[in-house]
């Protein structure tokens, strides 16, 4: 995590790269399309629409080496839902850094967002949220942004827990940088953080393959584990790149319903997208 700095609204803010604008553009584009379906779940005697973010951060960031401040993902999501007249009925936020989480909550409250602060790290918080979201017995249409810094933090058990919520779409941050930098040491057993990402993956990556094929095999196995959960990972993914045009991470959609995949493809239709076979 970067060091917190003074924000332009009197609250602490993160520091991020300029690439964050691309991430937020894609997030907003998907939510704009999902609003066409979300609106049908709003109102009395309906299940509502929850936004879930268990890596929420402080809700505002400064672009490194500039004086430019931008909203964080939960704030982007809330504003997008309001703009489309399909506002989320609850925003569940959590972060292992309670300072960042509580600052994010304050920013959302200032926007009159129905924020719910959840204790615990990502998996613990997700378990609580999954119990609360469907407890009314009325199924809504929900959305989770799963945006950790590493593959190790993208635990399969976390995704499985969130997938237990009925009618949920998950926009997932898959760390390309972590995969490229650390697959060899993970294969050698010098590190074991990928085991939480895709338990059993080493047994499904054949020895002797070129590194690119080993990366592909690891991701293919992860997608297989997603399929076992009853979810489908989108074949299209959006690459977030740094100033050297190198992939930092990929965004992709996990969902049960084909409509979510349709919205995802529409959100990405502005430019050619990479598939898993392309890296």
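The values are calculated or read from the model by the stated rules, or taken from the named source; none is laboratory data. All values derive from a computational prediction rather than experimental measurement. Ideal geometry is used to build each Cβ from the backbone, glycine not excepted, and the neighbour counts take in all protein chains shown.
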**Prompt:** Out of 264, 250, 201, which single residue is within 30 Å of residue 142 (Cα to Cα) and more than 21 Å from the chain's Cα centre (by Cα)?
**Reply:** 201
**Message:** Among the numbered criteria (1) surrounded by fewer than 23 Cβ atoms within 10 Å (Cβ to Cβ); (2) on the phi < 0 side of the Ramachandran plot; (3) at pLDDT 95 or above, which one does residue 85 miss?
**Reply:** (2)
**Asked** Could you count how many residues in the stretch 195-212 are within 27 Å of residue 244 (Cβ to Cβ) and at pLDDT below 95?
**Response** 4
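Answer with yes or no whether residue 14 is assigned to a loop (DSSP other than H, G, I, E, B), modelled with pLDDT of 95 or more and touching a strand residue (DSSP E or B) at 6+ places or on another chain (Cβ under 7 Å). Show your work before the answer.
Details: assigned to a loop (DSSP other than H, G, I, E, B): no; modelled with pLDDT of 95 or more: yes; touching a strand residue (DSSP E or B) at 6+ places or on another chain (Cβ under 7 Å): yes.
Taking the combined requirement at face value, the residue does not satisfy it.
Output yes when any residue across the stretch 94-102 is surrounded by fewer than 22 Cβ atoms within 10 Å (Cβ to Cβ) and in a loop (DSSP other than H, G, I, E, B), and no when none is. Please lay out each step first, then the result.
Here is the first cut: in the stretch 94-102, the ones surrounded by fewer than 22 Cβ atoms within 10 Å (Cβ to Cβ) are 96-99, 102.
Filter once more, so that each one left must be in a loop (DSSP other than H, G, I, E, B): 96-97.
Yes, the stretch 94-102 contains at least one residue that is surrounded by fewer than 22 Cβ atoms within 10 Å (Cβ to Cβ) and in a loop (DSSP other than H, G, I, E, B).
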**Top-ranked residue of the stretch 21-67 - restricted to ones that are touching a strand residue (DSSP E or B) at 6+ places or on another chain (Cβ under 6 Å) and in a helix (DSSP H, G or I), ranked as farthest from residue 146 (Cα to Cα)** = 22
**Prompt:** Does residue 108 satisfy being assigned to a helix (DSSP H, G or I) and buried (at least 18 other Cβ atoms within 10 Å of the Cβ)?
**Reply:** yes
**Where residue 149 falls short, out of the listed (1) surrounded by 16 or more Cβ atoms within 10 Å (Cβ to Cβ); (2) closer than 22 Å to residue 237 by Cβ; (3) at pLDDT below 95** = (1)
**Request:** Mind counting the residues in the stretch 199-242 that are part of a loop (DSSP other than H, G, I, E, B) and out of contact with any strand residue (DSSP E or B) (no Cβ under 7 Å at 6 or more places or on another chain)?
**Result:** 10
**Message:** So in the stretch 27-65, with the set limited to residues that are over 21 Å from the mean Cα position of the chain (by Cα) and touching a residue at least 24 places away in the same chain (Cβ under 8 Å), which one is surrounded by the fewest Cβ atoms within 10 Å (Cβ to Cβ)?
**Reply:** 45
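Among 202, 225, 191, 241, which is farther than 22 Å from residue 168 by Cα and in contact (Cβ under 8 Å) with a residue 40 or more places away in the chain? Walk me through how you get there before you give the answer.
Details: 202 fails: in contact (Cβ under 8 Å) with a residue 40 or more places away in the chain; 225 fails: farther than 22 Å from residue 168 by Cα; 191 fails: in contact (Cβ under 8 Å) with a residue 40 or more places away in the chain.
Of 202, 225, 191, 241, the one residue that is farther than 22 Å from residue 168 by Cα and in contact (Cβ under 8 Å) with a residue 40 or more places away in the chain is 241.
Which of the helices (runs of 4 or more DSSP H) contained wholly in the stretch 116-198 include at least 2 residues that are more than 27 Å from residue 257 (Cα to Cα) and more than 16 Å from the chain's Cα centre (by Cα)?
Values: elements: 122-133, 156-163, 176-187, 194-197.
Hits in the stretch 116-198: 176-187, 194-197.
In this structure, does residue 70 turn out to be outside any helix (DSSP H, G or I), under 16 Å from residue 21 (Cβ atoms) and in contact with a helix residue (DSSP H, G or I) (Cβ under 7 Å, 6 or more places away or on another chain)?
Numbers: outside any helix (DSSP H, G or I): yes; under 16 Å from residue 21 (Cβ atoms): yes; in contact with a helix residue (DSSP H, G or I) (Cβ under 7 Å, 6 or more places away or on another chain): yes.
Yes; evaluated as a whole, the condition is true for this residue.
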